[in-house]
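The values are calculated or read from the model by the stated rules, or taken from the named source; none is laboratory data. Just so it is clear, the model here is predicted, and its values are computed rather than measured. Cβ placement follows ideal geometry from the backbone for every residue including glycine, while neighbour counts extend to all protein chains displayed. Accessible surface areas use protein heavy atoms only, side chains included; no ligands, DNA or RNA. Shrake-Rupley method; radii C 1.70, N 1.55, O 1.52, S 1.80 Å.
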Amino acid sequence: MGLPPAYTAGEGLPGDDVVTSEMALWRQTDFEPGPMLPKFIASASDDVESDTTSALARRRLALRDSLGASQPVTAREAFAGRHEAMAQLINAIEEQRVHVVIYGERGIGKTSLVHVFTQTAREARYHVIYASCGTAAVFPEMFRSVLGLIPHIYHATVLPNSSEAEKGGNFDSMLPPGDFGARELAEILAGVVGTRVLVILDEYDRVVDPNFRREVAELIKNLSDRAARVQLVITGVALNLDELIGYAPSIRRNVAGLPMRPMSSEEVLDLLRMGERAADISFSEAAVALISRMSAGSPYLVRLLGHQAGINTINAGRDRVTETDAGNAIERVISDWQASLPRRVQANLAREEARTHVDLLVAAARAGNSADGWFTVDDVYTEMGGALTPLVIERDLKLFVNNVDLLERREGPGDPHFRFGYPGVAALLIISSAMARAAL
C-alpha cells in the first residue's frame, strides 16, 4: 500500500517523527531570510557607508540637503534665488540705519531670508537675536528673554575692566521686576556700545495681543529717536506693511518695508541648479519650465517639486530630470496633500457644488494668501478679474459655508470675511488648478 502523499518515502509512517511537505515549506519560510526590511540610509550623524552601493544614497541625501522643503534654509550654501532681497535688507540695516519689515505670502521665503541674513550679520560682528513669535506672545516676557541674550559688557555704564564686567551678566538684569513697556526698554537699549544689536521677530503675524503690537511700534519710535544701536527686523505673512505694524505715521520714516515677491524664472533656475550640483543630476528645460509654472514663484514649492522630481530620477538610475519626472512629482504632491485632508473635507471637495464653482474656489484660495487666511468678496472679485459680480460671489461663497462647510464666515465691521476651514485646502486648489491648465 502506498504512503500518503504528504509524506516522503523512507521517512516513516504516520505517528513517527516525520516531516511533511507542508512542514518543510513552513520551516524553510520560517528560518530562511526573506527580503530585507527598509533601513535608514544614513546614521543620525549624517554619515553614509563608504562602499560603492551607497552612491545613490549619498546623492539622495545631497539632494535633500540642497532642495529639501520641510525646513527653512539656515545656511548660505543652501540659499539661492534671493540675492536682490538680501542686498536690500543689508542696505536698509547698514546704510539707512532703519528698522525693516519683511512681508509676503506663506512659503515665499521670509524665514529662510532672515536665517541666512543672521549668519551674514554675525560675520560682520553684529549681535543678532532671533525670536519666533506665537499667538501667546507677551511683550515683557519676549523682550526680557531678548535682553537676557545681550552681554552686560555691551552697555555704556559697564567699563571693560570693572568688577561688573568681570561678573558677566546680561541686559535683563537692568530691567525692573514685573511688567515694563517700550520706554523702559528703549532707555536700556539706548546704552548699547561696542556693537550693533539686531532683534529679529519672525512670524510676527501670529501675535494676537494688540498691546504687543502697540508696544513694538512705540519701541521702534523710541529707539529711532534715541539713535540707539539697536534695530528690529520683523517678518510676517501680509499683503502690505500696514497689516503687520498698522498705520503709524510717526514711525514710517524709521521703517523700511521689504516685500517678498514670487521668484522669477531665473531665480527658480538658480535654485534648481543648486540641486543639480549637489546630486550630480540635471533638469531639462521642459522640467524647469513645468516646475516654475506649477510653483507660481513659491520657493517652498520649487524645492518640494524639484526634490521629488530629482528623487524619481535618481531612483530610476538616471541623471536627467525630464518633464515626465516633474509631472509625476506634481501628481505625487497633489495626491499626498489630498490624502492628508480629513475625509469630510475630501468628500466636500468632490461634491457637485465644488466642481461647479471650482474657478471661484481657486480665486478664493489665492485671495486667502494673507496674514491669517481671511479674505473678502472684493479680494475674490479682484482675483477673478471681474468675471462675476460681487453679489454673485458673496452668494456663491455662502454655499460653501452653509451647505458644504469648506469655508468659515466672520462678521464684523465692514464686509464679511471668509477663509478655508482646514489648512492645506487652498494650496491644493491652487496647484491642482495650475496642473489642470498645464494639461490643456
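Structure notes:
- Filter result (farther than 14 Å from Val288 by Cα and without any contact (Cβ under 8 Å) to a residue 60 or more places away in the chain) within the stretch 318-337: Arg318, Asp319, Arg332, Ser335, Asp336
- Per-region count, the stretch 255-314, residues within 14 Å of Ala80 (Cα to Cα), open to solvent by 30 Å² or more (accessible area, probe 1.4 Å) and part of a helix (DSSP H, G or I): 9
- Residues that are open to solvent by 10 Å² or more (accessible area, probe 1.4 Å) and farther than 26 Å from Gln119 by Cβ are absent from the stretch 196-205 altogether.
- Filter result for the condition that a residue is at pLDDT below 90 and surrounded by 19 or more Cβ atoms within 10 Å (Cβ to Cβ), over Val380, Val321, Val333: Val333
- With a requirement of 3 or more residues that are at pLDDT 90 or above, the helices (runs of 4 or more DSSP H) lying completely within the stretch 104-184 that satisfy it span 110-123, 139-147.
- Filtering the stretch 354-376 to residues that are surrounded by 17 or more Cβ atoms within 10 Å (Cβ to Cβ) and part of a helix (DSSP H, G or I) leaves Ala354, Leu360, Leu361, Val362, Ala363, Ala364, Ala365, Arg366, Ala367.
- Counting the residues of the stretch 400-423 that are modelled with pLDDT of 80 or more and of a type in the set (Gly, Ala, Ser) gives 1.
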